[in-house]
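Let me begin by presenting the structure, written as structure tokens, before commenting on it.
The values are calculated or read from the model by the stated rules, or taken from the named source; none is laboratory data. Since the structure is predicted, the reported quantities are computational estimates derived from the model, not experimental observations. In this analysis, Cβ positions are derived from the backbone assuming ideal geometry, glycine residues included, and neighbour counts consider all displayed protein chains.
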Amino acid sequence: MTPPDPGLCRLCAFSTPVRSDRGSVFYRCEKSRSDPAFPKYPRLPVLQCPGYVPASAPPPPSR
Ligand code: SF4
């Protein structure tokens, strides 16, 4: 079975893939650690996100 498309989280610098015991893959949003506006496990697929940063780009400086 093909896993559902996670959308932006798949390419985001703040996402960490987590595999469950059942083999499902979730994406943990590391931005949720510093900003409660972001859910720890966003509902997928994420199609729009104000925190999205492409993984290939350096993350913005934190203040
Ligand atoms: S910041 Fe947005 S796109 Fe990036 S991991 Fe969190 S929810 Fe997904």
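Are there any pairs with C-beta distances below 9 angstrom linking a residue in region 5-18 that is assigned to a helix (DSSP H, G or I) to a residue that is within 9 Å of the ligand (Cβ to nearest atom) and among the hydroxyl-bearing types (Ser, Thr, Tyr), with the two at least 6 apart or on different chains, and if so which? Matching pairs, first to second residue: Leu8/Ser15; Leu8/Tyr52; Cys9/Ser15; Cys9/Tyr27; Cys9/Tyr52; Arg10/Tyr27; Leu11/Tyr52. Among the conditions (1) of a type in the set (Gly, Ala, Ser); (2) farther than 25 Å from Pro61 by Cα; (3) surrounded by 11 or more Cβ atoms within 10 Å (Cβ to Cβ), the only one that Gly7 does not satisfy is (2).
Restricting attention to region 17-62, the residues that are hydroxyl-bearing (Ser, Thr, Tyr) and under 21 Å from Pro4 (Cβ atoms) add up to 6. Residues in region 41-50 that are farther than 13 Å from Arg10 by Cα and more than 9 Å from the ligand (Cβ to nearest atom): none.
Which one of these is away from the ligand (no atom under 13 Å from the Cβ) and over 16 Å from Ser62 (Cα atoms): Ser24, Ser15?
From the options Ser24, Ser15, the qualifying one is Ser24.
Taken over region 23-37, the criterion of being assigned to a loop (DSSP other than H, G, I, E, B) and modelled with pLDDT under 95 is satisfied by Gly23, Ser24.
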